[in-house]
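Student: First the structure, then my questions, so here it is.
The values are calculated or read from the model by the stated rules, or taken from the named source; none is laboratory data. These numbers were taken from a predicted model, which means no experiment stands behind them. In this analysis, Cβ positions are derived from the backbone assuming ideal geometry, glycine residues included, and neighbour counts consider all displayed protein chains. We work out accessible area using only protein heavy atoms, side chains counted, and drop any ligands, DNA or RNA first. Shrake-Rupley method; radii C 1.70, N 1.55, O 1.52, S 1.80 Å.
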Amino acid sequence: MTFNRYFLSLLSAGALAFTALSVRAEDKQLTVYTYESFTSEWGPGPKIAALFEKSCGCKVNYVSVADGVELLTRLRLEGASSKADVVVGLDTNLVTEAKATGFFAPHGVDTGALDVPGGFKDDSFLPYDYGHFAFVYDTQTIKTPPKSLKELVDGPAKDKIVIEDPRTSTPGLGLLLWVKAIYGDQAGAAWAKLKDRILTVTPGWSEAYGLFTKGEVPMVLSYTTSPAYHMVAENNDRYQAAEFSEGHYIQIEVAGMTKSARDPALAKSFLAMLAGPQAQGILPTTNWMMPVGKPAEPLPAAFDKLVKPAKTLLIPSDEVAANRRAWIEEWLAAMSRN
Amino acid sequence: MRRGLVPGLLTLAFLVSFVGLALVALLSADTGMPSPSGAFGGRFDVTVWRSLRFTLLQAGLSTLLSVLLALPVAHALARRPHFLGRLWLVRLMALPLGLPALVAALGLLGIWGRQGVVNHALAALGLSEPISIYGLSGILIAHVFFNMPLAARLFLSGLERIPGEHWRIAANLGMGSLSLWRLVEWPVLRGLLPGVAGLIFMLCATSFTLVLTLGGGPAATTLEVAIYQALRFDFDPVRAMALSALQIGVTLGLLLALRLAAPAPEEATTLGRASRRFDGKSLAPRMIDVVILGLAAVFVAAPLAAVAASGLAARPLRLLSEPAFQQALATSLAIAAASALICVALSTCLVTARLSALSMRRRSLPARLIAGASDGAGSLVLLVPPVVLGAGWFLLLRGFGAIGHFAPIIVILINALMALPFATRILSPAIATHHARTGRLAESLGLAGWNRLRRIDLPCLARPLLMALSFAAALSLGDLGAVALFGSQDLVTLPYLLFSRLGSYRIQDADALALLLGLVCLALTMAGTPGRGHRAEREGRPI
């Protein structure tokens with residue numbers, strides 16, 4: 001169809017114009033794919049780029065998408081044509097699928113000094129921060145929070161919680177795995193019981209946390225680090241995380257370099273910097289996650305007040321990849337029952 | 001008249017190739033692994049059928065409620081052309097459209113939620129347990145909030161096009177309100193009904209955030225969720241396509257049935273005098289209209305007021321000086337303006353083609369096909385999830401350079417296409433009436449082409465065109481779907497910025513942004529629904 005060809009050439013002409021405007025002449029460039037909150041004004045992105053640019057003699061270009069899952073979708077859509085040198089922001093649950101794409105090269109960074117609960121190690125993916133999932137509650141409404149997942153499941157149906165959907169969000173998937181890790185084959189029954197306490201299931205973290213801070217619901221699935229934000233940035237200790245005796249499921253964020261990286265040495269040095277003390281000091285108060293390495297400067301005192309899970313739960317990535325669909329079906333069946 | 005077909009056919013070709021190319025690209029995508037669900041996207045399991053059933057149920061009920069409630073509102077507004085605040089009430093009706101679903105949901109919960117105004121009032125009256133809207137009722141409230149005003153606006157435009165002669169004759173014959181309704185108003189509304197109901201049904205069937213957030217759990221799930229999951233979490237394009245096909249097939253079938261059930265009426269000829277109504281002057285109808293309009297205004301305005309209140313509490317002015325806000329505002333406005341213009345141009349072509357095809361002396365099969373296709377093409381686009389269109393175009397363009405550079409164009413086009421059904425619903429009846437009324441005059445004057453456009457078409461169609469532009473722009477302004485996939489640093493729109501702040505705990509900023517976004521939409525609706533400034537119009541003389 002000539003019409004299509006005409007249309008395409010129009011598009012590419014427009015694109016060329018854009019390219020001419022936006023690309024500046026720099027000798028060395030590093031293109032980092034990441035998620036949006038990483039590159040936002042208060043995210044770690046700007047500071048980390050500045051830190052790296054001080055020593056690399058290069059320019060860091062961020063390309064950001066909505067979240068970690070979108071990041072993987074984006075890479076798959078781009079395929080071999082991807083311009084990504086480094087990818088920051090996948091999590092442990094996506095590692096198996098990310099590896100299967102064959103886009104990633106071994107990072108080669110020494111992880112000896114890193115301390116990740118649950119002991120995650122991988123040749124291709126370098127952990128850079130982590131957070132434990134937790135139920136965050138409003139201390140003005142809830143005086144005695146549940147002390148275990150079992151207490152939460154068996155608790156009164158009138159004390160409502162809000163969670164995220166495992167089909168559309170990583171915290172939702174995290175809770176699904178958390179329940180699975182503790183209840184195993186009985187997970188379906190646990191969900192059927194918990195169902196009555198669940199006010200609603202939102203598509204993502206933002207909607208759930210919005211409902212929580214609006215006072216619509218006094219407890220929400222979030223991270224152990226959420227209270228740190230309120231304490232550090234708002235000087236407000238109203239919102240706290242409930243510690244569960246069975247342990248907390250962990251989300252570990254990882255970064256990797258692509259096989260198509262234009263300058264592998266540069267990509268590798270970015271990853272090494274990300275796990276280094278300077279960046280590790282930036283991440284906690286910008287990304288609101290825990291550092292995997294020793295930060296250059298001590299963390300704000302609020303971080304000492306956070307729940308430190310006695311036990312870390314993590315189902316291996318391969319097992320998650322193999323069972324995710326079946327477990328989501330199980331969740332759907334239990335949650336849709338009347 | 002045949003000349004009117006060419007732009008329409010080109011538009012059709014463009015729409016079909018824009019959607020078709022994306023689908024083909026996605027289907028033939030080399031994802032590096034076989035489809036996890038097997039050939040043809042796997043069998044549709046019980047979950048799929050359950051979501052389909054719920055999709056149809058909630059969309060059907062939402063449509064029914066929105067349309068039924070919109071009829072009396074439009075009727076009351078049409079019967080009371082002059083009262084203080086009418087203009088603002090009509091403008092208010094265009095506002096919900098421009099709000100991102102999450103903002104509206106939070107506003108609605110401020111009124112209907114567990115800690116909302118209604119429950120506080122009930123608690124004051126001594127009710128111990130809060131009423132909960134989560135579940136079907138919450139979804140219905142939200143969908144009526146979004147779509148009742150839309151339907152009322154479309155119905156109102158129809159009622160305002162009733163020729164003045166009809167009212168004069170009806171008054172001479174001494175018709176009561178019942179006869180007026182039966183003989184004058186209902187025939188017009190019935191002609192609009194399939195289009196309006198069809199549009200609302202599609203909007204509700206593809207609703208995502210509202211259904212999940214207010215639905216109370218996965219028992220309330222639309223097919224759109226499954227499509228999203230298939231494409232995003234499972235990266236299974238084949239299954240996403242199979243589900244999309246199911247959604248499109250079922251909905252198109254329903255729309256077709258709706259259309260066959262209610263054929264469009266003939267246009268009445270008129271001298272084009274501004275219409276003046278003589279009915280409803282006694283006390284009882286006055287009271288009824290006051291109650292209806294009062295309830296509608298409170299129902300629509302209260303959640304908006306809740307959004308505004310939390311926005312005001314979040315000190316919105318400080319954001320105005322932020323470069324991030326200014327840039328997002330500029331981006332949003334540019335995208336909205338471009339997609340609104342494209343949308344209105346495309347839908348004018350489609351509507352004209354449909355009318356040309358219908359007016360051919362012999363309604364041959366091709367002519368009828370063209371008319372049907374022009375009518376359906378606009379709707380079809382709404383049923384193909386933006387995430388599918390976005391992903392498809394992504395694949396097509398990845399060989400042509402950095403994707404980030406194409407993103408603005410694709411986002412503008414997707415937004416334009418999404419607004420197409422709205423613009424078509426607004427323009428189609430208006431242009432049909434206009435042609436019926438001015439066609440002969442223009443021919444007898446020998447006016448054609450540019451002269452006709454300038455002297456006859458544009459002045460007469462200014463209002464519907466403005467309304468279509470503002471609706472399309474508002475819709476694009478509130479959209480998050482298309483931007484999300486492409487979103488890069490260069491393409492941060494206001495809703496994207498809002499979600500970004502929300503995603504990094506900055507709830508205050510998000511509240512303030514919601515208010516500012518609402519104000520931008522308000523400005524748009526003011527432009528789209530200008531006051532009756534035209535002197536001739538005000539005095540009821542022919543224009």
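Student: What list of ³J(HN,Hα) couplings, whole Hz, do you get for region B:303-317 from phi and the Karplus terms 6.51, -1.76, 1.60, once you set θ to phi - 60° and write x for glycine and proline?
Tutor: x, 5, 5, 5, 4, 5, 5, 6, x, 5, 5, 9, 6, x, 4
Student: Report the calculated FRET efficiency for B:A121 and B:V291 (r = Cβ-Cβ distance, R0 = 22 Å), to the nearest 0.05.
Tutor: 0.70
Student: Run through every distinct alpha carbon pair of region B:148-269 and return the Kirkwood hydrodynamic radius in angstroms, one decimal place.
Tutor: After inverting the pairwise mean of 1/r, the radius is 17.5 Å.
Student: Would you list which lysines come within 16 Å of A:K150, measuring only between C-alpha atoms, while excluding same-chain residues fewer than 8 positions from it?
Tutor: A:K160, A:K180, A:K193, A:K195, A:K311
Student: Another one. What do you get when you divide the Cα radius of gyration of region A:194-329 by 2.2 N^0.38 Å, with N the number of residues?
Tutor: That works out to 1.27 for region A:194-329.
Student: Another question, if that's okay. So which of A:K59/A:K308; A:K158/A:K214; A:K121/A:K214; A:K99/A:K214; A:K83/A:K214 end up more than 29 Å apart by C-alpha?
Tutor: Pairs exceeding the cut-off: A:K59/A:K308; A:K121/A:K214; A:K99/A:K214; A:K83/A:K214.
Student: Between rounded, prolate and oblate, where does region B:291-348 land on the alpha carbon gyration tensor, with a ≥ b ≥ c its root eigenvalues, rounded for a/c under 1.5, else prolate if a/b exceeds b/c?
Tutor: Taking the square roots of the gyration eigenvalues as a ≥ b ≥ c, region B:291-348 is oblate.
Student: Can you grab the distance from the C-alpha centre of region A:39-62 to the C-alpha centre of region A:195-264, Å, no decimals?
Tutor: 25
Student: Can you spot the aspartates and glutamates whose alpha carbon is less than 13 Å from A:K147's alpha carbon? Ignore those fewer than 8 places along the same chain.
Tutor: Of all the aspartates and glutamates, those that pass the test against A:K147 - Cα under 13 Å, at least 8 places apart if same chain - are A:E243, A:E246.
Student: Something else now. Could you work out the mean projected area of the convex hull around the alpha carbons of region A:40-110, in square nanometres to one decimal?
Tutor: 5.9
Student: As a test, work out the antiparallel percent of DSSP beta bridges whose residues both lie in the protein assembly as shown, rounded to the nearest 5.
Tutor: Of those bridges, close to 60 percent are antiparallel.
Student: For region B:74-233, compute Rh as the Kirkwood radius over C-alpha pairs and then the Stokes-Einstein diffusion coefficient at 10 °C and 1.306 mPa s; write the answer in µm²/s, rounded to an integer.
Tutor: The calculation lands on 86 µm²/s.
Student: Percent relative contact order of chain B, based on C-alpha pairs within less than 8 angstrom and at least six residues apart?
Tutor: Relative contact order for chain B comes out at 26 percent.
Student: Short version: what are the Cα gyration tensor semi-axes of region A:284-338, square root of 5 times each eigenvalue, largest first, in whole Å?
Tutor: That gives 36, 15, 11 Å for the three semi-axes.
Student: Which one, B:L395, B:H435, B:L382, projects farthest toward the positive side of the charge dipole computed for region B:317-475 from Cβ point charges (K/R +1, D/E -1)?
Tutor: Going by the Cα projections, it comes out as B:H435.
Student: What number, rounded to the nearest 500 deg cm²/dmol, is the helix-based mean residue ellipticity at 222 nm of chain B, given -39500 (n - 2.57) per DSSP H run of at least four residues and division by all its residues?
Tutor: So the helix-based figure for chain B works out to -24000 deg cm²/dmol.
Student: Something else: Mean 1/r over all different Cα pairs, inverted: what Kirkwood radius does chain A give, in Å?
Tutor: 21.3
Student: For the protein assembly as shown, with every protein chain kept in place, what is the accessible area per residue (1.4 Å probe, Å²)?
Tutor: Heavy-atom accessible area per residue stands at 40 Å².
Student: When 1/r is averaged over all different Cα pairs and the result inverted, which Kirkwood radius in Å belongs to region B:341-483?
Tutor: 16.8
Student: Who wins for biggest fluctuation among A:G68, A:G172, A:G210 in a Gaussian network model of chain A, springs between alpha carbons below 10 Å?
Tutor: A:G210
Student: So, one more: Between A:G79, A:G131, A:G281, where does the largest GNM mean-square fluctuation fall for chain A, given springs only between Cα atoms within less than 10 Å?
Tutor: A:G79
Student: Could you give me the percent of Cα pairs per 10 Å distance bin for region B:97-162, shortest bin first, beginning at zero and ending with the bin that holds the maximum distance?
Tutor: In order of increasing distance, the bins hold 20, 38, 25, 14, 4, 0 percent.
Student: Each label point is 7 Å from the Cα along the Cα-to-Cβ direction; what then is the distance between the points at A:E41 and A:A80, in nm?
Tutor: 4.3
Student: Could you sort the residues of region B:217-264 by number and keep only those whose accessible area is reduced by 30 Å² or more in the all-protein-chain setting relative to the chain alone, 1.4 Å probe?
Tutor: Residues losing area: B:P218, B:A219, B:Q229, B:R232, B:F233, B:D234, B:F235.
Student: Turning to a different aspect of this structure: Give the calculated FRET efficiency between A:A100 and A:S260 to the nearest 0.05, with a Förster radius of 22 Å applied to their Cβ-Cβ distance.
Tutor: My answer for the efficiency is 0.85.
Student: Taking 0.36 nm per intervening residue step and subtracting the Cα-Cα distance, what contour gain separates B:S28 from B:W88 on full extension?
Tutor: So the extension gain works out to 16.6 nm.
Student: How big is the convex hull of the Cα atoms of the protein assembly as shown, per residue, in Å³?
Tutor: Looking at the protein assembly as shown, the number lands at 170 Å³ per residue.
Student: Based on Cα positions only, what radius of gyration and what Dmax would you give for region A:92-180, in angstroms?
Tutor: Using the Cα atoms of region A:92-180, the pair Rg, Dmax is 17.7, 52 Å.
Student: Normalised by the empirical 2.2 N^0.38 Å for globular proteins, what value does the Cα Rg of chain B take?
Tutor: Taking the Cα Rg and dividing by 2.2 N^0.38 Å, one obtains 0.98.
Student: To the nearest hundred square angstrom, how large is the accessible surface buried between B and A, total for both chains, probe 1.4 angstrom?
Tutor: Adding both sides of the contact gives about 6500 Å².
Student: Within the set of other residues whose C-beta is less than 14 Å from the C-beta of B:P464, count the net charge using Lys and Arg as +1 and Asp and Glu as -1.
Tutor: +3
Student: Once the principal axes of the Cα atoms of region A:130-288 are found, what is the range along each, listed largest first in whole angstroms?
Tutor: 57, 41, 27
Student: Let me ask something else. Tell me, what is the Rg over Rh of region B:378-451, with Rh the Kirkwood radius over Cα pairs?
Tutor: Here Rg/Rh amounts to 1.24.
Student: If you don't mind, there's one more thing I want to ask. On full extension of the chain, what length is gained from B:E443 through B:A345, given 0.36 nm per residue of separation minus the C-alpha to C-alpha distance?
Tutor: 32.9 nm
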